[in-house]
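Values quoted throughout were computed directly from the atomic coordinates according to the rules given, and no laboratory measurement underlies them. Since this is a predicted model, take the numbers as computed values, not measurements. Here the Cβ positions follow ideal geometry from the backbone for every residue, glycine too, while neighbour counts run over all protein chains shown.
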Amino acid sequence: MNDERRNDASAHGGDRTRALVIGPYPSRGPASLSRDPQARLTEAIGLAQAIDLDIVGEVPVALNEVRPATYLGKGKVEEIAEAVKEREAGLVSMDCQLSPVQQRNLEKAWGAKVIDRTGLILEIFGQRARTREGSLQVELAHLAYQKSRLVRSWTHLERQRGGFGFLGGPGETQIETDRRLIEERMRRIETDLDKVKRTRGLHRKTRRDTPYPVVALVGYTNAGKSTLFNRLTKAEVLAQDMLFATLDPTLREIRLPHGARLLLSDTVGFISDLPTMLVTAFRATLEEVTLADVILHVRDVSHEDSEAQAHDVEAILEELGLKGEAEGRIIEVWNKIDALDPERLEAMRVGARGFDPQRRPALVSAVTGEGLDDLLARIETLLAANRKTLTLELAAEDGQGLAWLHAHAEVLSRETRDDGGSHLVVRVAPERCEEVLRRFTPDTPGEGAK
């Protein structure tokens, strides 16, 4: 049997770390009712596969209580030790948050490296970050995590490869044992981050000064945000059936059905039990969402845990201060309807019609394009409701004023009068309305209140 497993691993790349995934989930209490255990275990396997681990087994564990020393009960620890030995696993991924003591004790008991959910997500982020800011933020979060488990928890681990070395082997000094070096590195990163944030702040101010509204995509990881982004923008952002395929935010310009332009932002996917340190680290990155004129909450409605995933996304939005005041600018996008059978799809459509029109979800397929025209129309309507429409008359010689309007407002239409002047209909953000009114005299001032 072991020879068969070795041959199978060789067929997929013999240098991949063989990993066992453990899903220890509560068997009673509120937590046991919130998410389906099998769906959680499938997600845990997806996380492990996202850093190219060779999954040699999965073990669901119905957890009655958490043991302070080993998280799991003695019998289950021994059972998993046998599985680790039999399947020659070099790494055990525990889909939970482990204390340094629990992690150390399990490593001793199993004779293998142990990584918990936080460590695994940090490892994925470490491999996926592409921008300088993203890399710095992830490294800072990783060092904070590592610093918390310096005491005899990492000194015996080898380091050989991987984003930030959670999976790794010989060749690097044991930085994890030296708190002073970690703290010095963290201070340097924070200084570098301040510089990067100042630069990004200037870029964001420049974008705010443009006339185009921003629409941000948010959602659970692998909900199809990047596929939707690509479909709407005709871009080629990485879109794979993989957890955290997108990490760094991406902006592209698109045109709405009636010609108005906007900036569409694709952001990192959310996930349940996202490490607090990463929520903090990426708060600045997610400011794209907090400043957006419209937020599209993309859901994978074909997923068995779609409701629970939606609650997780809403919880993170609340952490970002977007609960309540932002509800009027959020559109729920029920994606992947192409993966539903006809009966379930019809039930979804009936359910969607039960919502208040302003909160009604948009049913779409980012793969086939179904429902996207209706979604764009919803976005256009929402943007129009949140922005002011003005009718302006410009003299023929006011070329400077015309250029200013094109730079600072959406010019929805322009007609040339007999005298060479222009009759324009423009749309502006509410905070820019007074500035436009001071500079130009509206033909119908009442339009400014639209």
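Stokes-Einstein, applied to the Kirkwood radius of region 387-449 over Cα pairs at a viscosity of 0.692 mPa s and 37 °C, places its translational diffusion at 286 µm² s⁻¹.
Amide H to amide H, with H built 1.01 Å from N, LEU363 comes under 5 Å of TRP334, counting only residues 5 or more places away or on other chains.
Each peptide in 218-225, 92-99 receives the mean, over its residues, of other Cβ atoms within 10 Å, and ordering these scores from highest gives 218-225, 92-99.
Based on the Stokes-Einstein relation at 4 °C and a viscosity of 1.567 mPa s, and on the Kirkwood radius from alpha carbon pairs, region 310-372 is assigned a translational diffusion coefficient of 99 µm²/s. Principal axis extents of the C-alpha atoms in region 36-160 (largest first, rounded to whole Å): 46, 33, 28.
Nearest 0.05, what FRET efficiency do ARG432 and ALA395 give at R0 = 22 Å with Cβ-Cβ as r?
Details: r = 22 Å, r/R0 = 0.98.
The value I calculate is 0.55.
The three principal axes of the C-alpha atoms in region 63-114 carry coordinate ranges of 27, 20, 17 Å, sorted with the longest axis first.
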